[in-house]
Amino acid sequence: MTKSDQQKLRFLIVLLVILSLTLLYGYRMNQTPDLGVVQAQAQKAATAAQATPTDARIRIDLIPKTQADEDPGKRNLFQYPPPPAPPAPTPQVGSAPSFTSSTPVRTGPPPPPPPPPIPLKYLGFAFIEPNSKQLIATLNDDSQQRHFNAVEGEVWAGRYRVARITETMVEVEDLEYNRRQTLPLNKLQ
């Protein structure tokens with residue numbers, strides 16, 4: 001057999017394998033399912049539909065009904081209303097009145113979580129020129145595992161602006177949350 005005949009034979013074998021896999025897949029797709037397997041799958045689906053304590057589903061029944069004059073685009077669908085107040089206990093006939101102190105129930109949405117801390121560390125500083133007072137800071141970004149040098153006014157990652165540099169600290173402004181954080185100089189051991 002020549003080399004070109006061997007290549008043609010290999011190509012024919014590959015095509016036959018692909019054809020046999022296609023026929024096998026087509027046969028399995030057209031096969032009627034076993035009734036026991038279908039019932040077992042239906043039972044699994046029914047148990048999966050039941051809610052569990054850790055189930056994270058949107059409860060549409062808790063969303064208040066809108067009125068015709070309300071604009072539905074102005075409401076936050078993912079914020080649940082406050083739970084209804086528990087019913088007041090009814091006094092029993094012949095029982096002594098109860099004098100318990102009650103704590104005030106907080107109503108309204110929970111306060112927003114505090115902004116995350118700035119993931120930068122102040123590693124060191126250097127003077128830009130030998131006789132100048134202007135400093136350049138070396139910072140480490142833990143979230144990206146990178147070191148970089150910055151001067152006052154420079155913005156890192158489009159979010160963190162270096163507001164002030166001293167020999168003991170760097171003041172960084174988070175432009176996304178509009179807040180400032182002071183980073184102390186990390187001393188190496």
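Any read-out appearing in this document is the output of simple, stated calculations on the displayed coordinates, not a laboratory observation. All values derive from a computational prediction rather than experimental measurement. In this analysis, Cβ positions are derived from the backbone assuming ideal geometry, glycine residues included, and neighbour counts consider all displayed protein chains.
Key figures for this structure:
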{"quantity": "Packing-based exposure ordering (other Cβ within 10 Å, fewest first) of Asp5, Asp61", "calculated": "Asp61, Asp5"}
{"quantity": "Over segment 120-184, equivalent-ellipsoid semi-axes from the Cα gyration tensor in Å", "calculated": "19, 13, 10"}
